[in-house]
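First up is the structure itself, then whatever we jot down about it.
The values are calculated or read from the model by the stated rules, or taken from the named source; none is laboratory data. As the structure is a prediction and not an experimental result, all values here were calculated from the model. Please note: Cβ atoms are built from the backbone with ideal geometry, for glycine as well, and neighbour counts cover all protein chains shown.
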Amino acid sequence: MKNNKIKRRKFITDTTKAGIALAFVPSFLKAQQANTLIKEIDFTQQPLAYGYKDLEPYIDAATMEIHYTKHAAGYAKNLNDAVKEEYRNANAPFIESILNEISRYSAKMRNNAGGHYNHELFWQLLTPTSTGKPTGKLAEAINSTFGSVENCKKLFSDAALKRFGSGWAWLINTKDGLKITSTPNQDNPLMDIAETKGYPILGLDVWEHAYYLKYQNKRGEYINNWWNIVNWNVVEKRFDMGLK
């Protein structure tokens, strides 16, 4: 009888210890996963699909190299720093999810998340072998919305030219169709603070560092020449993605 009591007491003690241990496992694993998540976050620049001089004469090699290796690289570095300081979401840290709730974060996160996303998109939208105009469903949507591709270009160019100070011009896909808009600094239409929200399919950087070495204060000339190197294949693919 005495042995049975001892065994029973031992069983209860062992079970209690096991229960206490199990109670801590979820929180421990959660913390471990969170630490792993923070360490694994790494927003990096993708290699350019062309050389620095390949977009000449429309964008000069010196501007491309400085823009990519200094300005854009700075946004990537500072974004990684900001994410390590602020990001504690258990979900995968896709940059779009950060932009969609950017109002929750600091100015550092806003500026650098926007700067990294905008530039990574901008490089993809450039090519030395532009087809010169959109085709297919995108062309149809542009003609239906703006009357013609040329009128769309005019409205887009006006938005870029009239953007006060530094910023971007955008052609975006929304639930109501295509729209042209612009944003200040490194903001973009994915952000929850954007005046006009939508999915960017075409974007133009009108910060002075994007054109000043070649064009000085002639932003209009830069914009007009930029149309010669637009990668319409990428724009069309992004338009299709935005419809889904």
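From the list Glu150, Glu195, exactly one residue is more than 20 Å from the chain's Cα centre (by Cα) and loosely packed, with under 14 Cβ neighbours inside 10 Å. Which is it?
Going through Glu150, Glu195 in turn, the sole match is Glu150.
Could you identify the single residue in Ile98, Ile102, Ile142 that is without any contact (Cβ under 8 Å) to a residue 24 or more places away in the chain, touching a helix residue (DSSP H, G or I) at 6+ places or on another chain (Cβ under 6 Å) and of a type in the set (A, V, I, L, M, F, W, C)? So that I can check it myself, show each step before the final result.
Numbers: Ile102 fails: without any contact (Cβ under 8 Å) to a residue 24 or more places away in the chain; Ile142 fails: without any contact (Cβ under 8 Å) to a residue 24 or more places away in the chain.
Within the list Ile98, Ile102, Ile142, the selection yields Ile98.
So which residues in the range 114-139 are assigned to a helix (DSSP H, G or I) and either without any contact (Cβ under 8 Å) to a residue 60 or more places away in the chain or on the phi > 0 side of the Ramachandran plot (or both)?
Within the range 114-139, Gly136, Ala139 meet the criteria.
For the range 130-141, does any single residue satisfy the condition of being more than 15 Å from the chain's Cα centre (by Cα) and either crowded, with 19+ Cβ neighbours inside 10 Å or aromatic (Phe, Trp, Tyr) (or both)?
Yes, there is a match, as at least one residue in the range 130-141 is more than 15 Å from the chain's Cα centre (by Cα) and either crowded, with 19+ Cβ neighbours inside 10 Å or aromatic (Phe, Trp, Tyr) (or both).
If you take the residues of the range 207-241 that are of a type in the set (Val, Ile, Thr) and in a helix (DSSP H, G or I), which of them is farthest from Lys53 (Cα to Cα)?
Val235
Determine, yes or no, whether Ile193 is touching a Leu at 6+ places or on another chain (Cβ under 7 Å) and either hydrophobic (A, V, I, L, M, F, W, C) or on the phi > 0 side of the Ramachandran plot (or both).
The answer is no for Ile193.
For the range 79-99, how many residues meet the condition of being modelled with pLDDT of 90 or more, surrounded by 14 or more Cβ atoms within 10 Å (Cβ to Cβ) and not β-branched (Val, Ile, Thr)?
So the count comes out to 4.
Please pick out the residue among Leu190, Leu171, Leu178, Leu204 that is closer than 23 Å to Lys108 by Cα, in contact with a helix residue (DSSP H, G or I) (Cβ under 7 Å, 6 or more places away or on another chain) and in a strand (DSSP E or B).
Sole residue among the options that is closer than 23 Å to Lys108 by Cα, in contact with a helix residue (DSSP H, G or I) (Cβ under 7 Å, 6 or more places away or on another chain) and in a strand (DSSP E or B): Leu204.
Within the range 40-58, identify whether any single residue is outside any helix (DSSP H, G or I), modelled with pLDDT of 50 or more, of a type in the set (Asp, Glu) and under 30 Å from Ile193 (Cα atoms), and answer yes or no.
Checked the range 40-58: at least one residue is outside any helix (DSSP H, G or I), modelled with pLDDT of 50 or more, of a type in the set (Asp, Glu) and under 30 Å from Ile193 (Cα atoms).
Test of understanding: among Thr145, Thr69, which residue is of a type in the set (Val, Ile, Thr), touching a strand residue (DSSP E or B) at 6+ places or on another chain (Cβ under 9 Å) and outside any loop (DSSP other than H, G, I, E, B)?
Thr145
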